[in-house]
Structure formats: C-alpha cells, structure tokens
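Before I ask anything, let me first share the structure, which is written out below as structure tokens.
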Amino acid sequence: MNTITKTVVLLFLCLIVSNVNAQETQQDSTKTSISWKENSFEIEKLIELKKSIENEEREFLKEEVENINKRLESGIITESEAQKLKKEAAKKRALNIENRIAIIDNKIALLERNDAGYSDDTNQFGISIGRFTGFNINSKNKTRVYDKRTSSDLVLAAGFNNAIGEGQDIGDDYSFMGSGFIELGVAWKTRLFKESNAVRLKYGFSFQWNKLTPKNDRYFVQDGNVTTLEDFPSELKESEFRITNLVFPLHFEFGPSKKIERKNYFRYSTAKHFKVGIGGYAGFNIGTQQKLRFEENGDRVKQKIRRNYNASPFVYGLSAYVGYGGLGIYAKYDLSPMFKDQTFDQHNLSLGFRFDLD
C-alpha cells in the first residue's frame, strides 16, 4: 500500500510540473498581447481611487473640526485657538490630497511605461482601500474620536462551582474541589455621565460551562419529568454533570479612573484602579451532558449521555465582581432552579476569578 501511495504521489507531482511548464510557455507566447489589458485594468482602478481621495480627506477634516468644536464647547480651548486649529487641519488635509494624488499619478505612469506583472517594492505593503486598488488607509490616517464613551473587552472567568437547596450547605451533594465553572464572553462598557467615569454600564454575552461532580458514587437519573440523584450500581471512577448556558450579563460598574488627555482626544482608564460590578444575567440553556466512567465485567466503560435532564430552559441570576485593573473576584448565583418542576429545587452557585481583557 505504501509503494502504491508513493507512486501515485510521484505521478501527481510530474503532472503538476508538466502543467506548470506548459502554462509558462503559453504565458511567454501571449504576454505581449494581454499585457496592455492587465495594465489598463489596474490603471482604471487607480483613476477611481483618485476620485475617492478628496472625499475621504474631507470626511477626515470634518471629524477633526467636530473634535475641535467639542473642545471649544468644553472650555478647553479658546475661540482664537479653535480657529487656528481648524486652519491647520484644513491645510494638512489639502496637502494630503495633493500628495496622495501625486503618488497615484506616479503609479499610473509606472504602469503605462511597463509590461504587465511589473512590480515595485511598495506593492509588498498592500495597496487597497475598500474594493479599489490603491494605497492603504491605516489608523494613522483616521481621526481619533474626541470622546469615546463605549469600549469593548474579552471576559474570562473560572473557579469553583456547586449547587445548593433549602437546608443544604455547599459540598453536601457535590465535591467542592471537583466541581468548577468557566465563563467566556464579550462585554461592552459605556460611561453613563458626560463629565465623569465613576459609573459605567457593562453588558454583553457569555457562554457559561457549569460542572458538578456528585459525591458518594451517585449520578443523575431522569425519569419522565423528574430528575434525581441516585446511587450507581457499582463504583464510579468519574461522575460529572455539565450544564452549558448562553447568557446576557448586565452590570453597573463603579470605581475611580484616570483621565488621559491628549491634543485631539481624551480617554478614561481604569488600569491600576479598584472597581466594583453589581448586576445579573439572563439567558438560555443550550446543552446538558453527563459523563460516567466505571468498570463492568473487567472492562473500562466511559459514557457521555446528552439529554435535557429536565434542566431549566431559561436561566437567570445575580452576579457581582470586585477587581483591580483587569483582575477581579467574581461570584454568580442562579435564581432559576437547576431543574424545572422538581419537588426539591437546587440553585447553581459559583465563585472564582474574572479577567477583563481590554
């Protein structure tokens, strides 16, 4: 089988090489006839790009003027300073238009003078704006928003998980060290007051994986609309129960921050500052699974059972965190019962660390 495979691969490579050689020969023979077409296509795109440059720079100038007006309204600069800044911005954008169009004209002249496929060193850096071919617009060309009140970050949390009911303590039914949770999501943070960053609204979506490890060789059994913890017929090597939720958290975040002021914009930073978040979440159960490992007649058996186990389809609860910078202590408690329509309700409880990665 190995010999046949090598032979097939070798034949395939030979076909590729012969095909490439044939294509190169054909391209050499037809290069003169198609070169003007390829260059003409590139030139047309560059001409279209020239038309968009002036509009683009005007939009940038408009944003800069808006930022200057905001600074004037806030009393940061005077009327005369504002007029001077506007004149400087207009002069800069006019020179930008002149220089960028000159670059495009030189590119067109280069293409008209050479055959198709000619490339200069600047091409390796990319020459695209939107759907046209031209020079890149990067963040240096764009004007920063003067006052950006909303930002986003990645949220990661992990720690201990358990479930308790009325008259129960943590660890009665489930192993404290063996049960855990992970949460991963995206959050947006919006400053609520114009002149202060003391209160922020934090909202987004997260996936929660809540794992429980029943104690004393027990596992979950679903009998119709009833789900109970029962003794397993033999010794369990592993018993895990996992509920996966998609939730939409909402928190009010409080805490000091540092105002960073620059020439054309300002920002608030909560790095190296304490913060407190209080709120809750609501969402949906999107998966329930039980994993069992045991020995049966001398054989090792591993089972993964996916069914609903009467898990509550809608989940909601309270959550809070206390942190410093991007790291905090995080707690959440499901007000919704773990299983619906049960004679004895249990509620999921989690405690761990939270990372807000700005």
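Laboratory data are not the source of any read-out in this text; all were calculated from the coordinates shown. Keep in mind that what you see is a predicted model, and the values were worked out from it rather than measured. Note that we place each Cβ from the backbone using ideal geometry, even for glycine, and neighbour counts take in every protein chain shown.
For the range 170-328, what is the largest minus smallest coordinate of the Cα atoms on each principal axis, given in angstrom and ordered from greatest to least?
Each principal axis gives a Cα extent; for the range 170-328 these are 76, 29, 27 Å.
Using the basic label-point model (7 angstrom from Cα toward the beta carbon), what is the A102 to E261 distance in nanometres?
3.7
In whole Å, what are the Cα extents of the range 229-289 along the three principal axes, biggest one first?
72, 24, 20
Sticking with this one: Post the alpha-carbon centroid distance, the range 247-287 to the range 44-114, in whole angstrom.
35
Need the full-extension length gain, T78 to L95, defined as separation in residues times 0.36 nm minus the C-alpha distance. One decimal, nm.
Taking T78 through L95 to full extension adds about 3.5 nm, to one decimal.
Each label point is 7 Å from the Cα along the Cα-to-Cβ direction; what then is the distance between the points at K148 and L192, in nm?
The two pseudo-label positions are separated by 2.3 nm.
If the cut-off is a Cα-Cα distance under 16 Å, which aspartates and glutamates reach K86, setting aside same-chain residues fewer than 8 apart in sequence?
In chain and number order, the partners are E57, E59, E63, E64, E66, E73.
Here's another thing I want to ask about it. If the cut-off is 23 Å between C-alpha atoms, which lysines fall inside it for K340, apart from same-chain ones fewer than 8 positions away?
Answer for K340, where 23 Å is the Cα cut-off: K211, K215, K291, K304, K332, listed by chain and number.
Suppose each label sits 7 Å from its Cα in the direction of the beta carbon; what would the L201-F274 distance come out to in nanometres?
Label at L201, label at F274, 2.7 nm between them.
Can you work out the PRE-style zone for L335? Point 7 Å along Cα to Cβ, and I want the residues of the range 198-220 with backbone N under 19 Å.
Hits in the range 198-220 for L335 at 19 Å: 202-206.
For Y324 and I305 in the same chain, what is the full-extension length gain: residue separation times 0.36 nm, less their Cα-Cα distance, in nm?
Working: separation 19, 0.36 × 19 = 6.84 nm, distance 4.07 nm.
Going from the current span to full extension adds 2.8 nm.
If R₀ is 41 angstrom, what is the calculated FRET efficiency for the pair E296 and D345, using the beta carbon separation as r and rounding to 0.05?
Working: r = 33 Å, r/R0 = 0.82.
My answer for the efficiency is 0.75.
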